[in-house]
1. Of the residues that sit in segment 63-74 and are in a helix (DSSP H, G or I) and free of Cβ contacts under 8 Å to residues at least 60 places away in the same chain, which one is surrounded by the fewest Cβ atoms within 10 Å (Cβ to Cβ)?
2. Count, please, the residues in segment 41-61 that happen to be in a helix (DSSP H, G or I) and touching a residue at least 60 places away in the same chain (Cβ under 8 Å).
3. Do the conditions hold for residue 250, that is, is it more than 24 Å from residue 156 (Cβ to Cβ) and either in a helix (DSSP H, G or I) or touching a strand residue (DSSP E or B) at 6+ places or on another chain (Cβ under 7 Å) (or both)?
4. Among the numbered criteria (1) modelled with pLDDT under 90; (2) in a helix (DSSP H, G or I), which single criterion is violated by residue 90?
5. Checking the condition modelled with pLDDT under 90 and either outside any helix (DSSP H, G or I) or surrounded by 13 or more Cβ atoms within 10 Å (Cβ to Cβ) (or both), which residue from 84, 36, 80 passes?
6. Out of 169, 186, 175, report the one residue that is over 30 Å from residue 126 (Cα atoms), without any contact (Cβ under 8 Å) to a residue 40 or more places away in the chain and surrounded by 18 or more Cβ atoms within 10 Å (Cβ to Cβ).
């Protein structure tokens, strides 16, 4: 009797967390499922589920050159912005963290400043700043890249800085220099491979932010450089199911990108150092 009551008590004890997780998953995925059903519904008025289904809305958006060009423009802005952000921020974060830790506070303050100002206020200020001068940037792709470069800095900083702390970058650099390696060679062949996973997380977060940003793009370039979010905004005025198809396509695309990034994160690049497990065993 006593032995049989213990598994039952354990099952009751473990049921609470499972119920909470199930409710959380339902809360997160129910809007996505409803959007998916709305995007494939042909007739949905008085019933809980659609009475008939169609893929015509997806055929409409994928046959629309505006949508395809909007995706390509967004990809172009995202790739250029993330590449520029990593190329600039990763070396800066590394140098400050390893060689000038006293100045790192200034970098922390600067990367958090974009969150202190409302996007509308920032956009108006940028329009005033870049609309004049010998090379006006307002309405071009370059102003978007410049603005998004500032907005993605917190994501890059947090991911890369956490990775540097995890691998003890300063100790690795000192060990490499003792063994005769130069600073640049040690950074490229030891530090970068060991912050590979953190860099990929920074890429994913930054690209997702750029891909889903609307306010800056709408106010700074408007219809002159239509992105996916601006296309979605215009589609909402025309057709609800068509806009839902755009949203579902957006979620699937981000899901695909996330899967690719996670797959790449499992690969250990040349120069990766396995960190010992607690207890003395190597990974």
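1. First pass over segment 63-74, keeping only residues in a helix (DSSP H, G or I): 65-74.
In the following step, the residues that additionally are free of Cβ contacts under 8 Å to residues at least 60 places away in the same chain were identified as 65, 68, 72.
On the way: 65: 7, 68: 13, 72: 12.
Only one residue tops the list, namely 65.
2. Quick first cut of segment 41-61, residues in a helix (DSSP H, G or I) only: 56-61.
Subset that is touching a residue at least 60 places away in the same chain (Cβ under 8 Å): 57-58, 60-61.
Number satisfying all stated conditions: 4.
3. Against the criterion (more than 24 Å from residue 156 (Cβ to Cβ) and either in a helix (DSSP H, G or I) or touching a strand residue (DSSP E or B) at 6+ places or on another chain (Cβ under 7 Å) (or both)), residue 250 does not qualify.
4. Result: residue 90 passes all but (1).
5. Answer to the check: 36.
6. Exactly one of 169, 186, 175 is over 30 Å from residue 126 (Cα atoms), without any contact (Cβ under 8 Å) to a residue 40 or more places away in the chain and surrounded by 18 or more Cβ atoms within 10 Å (Cβ to Cβ), namely 186.
The values are calculated or read from the model by the stated rules, or taken from the named source; none is laboratory data. Because the structure is a prediction, the values reported are computed rather than measured. Neighbour counts are summed over all protein chains in view; Cβ atoms, including those assigned to glycine, are modelled from backbone coordinates with ideal geometry.
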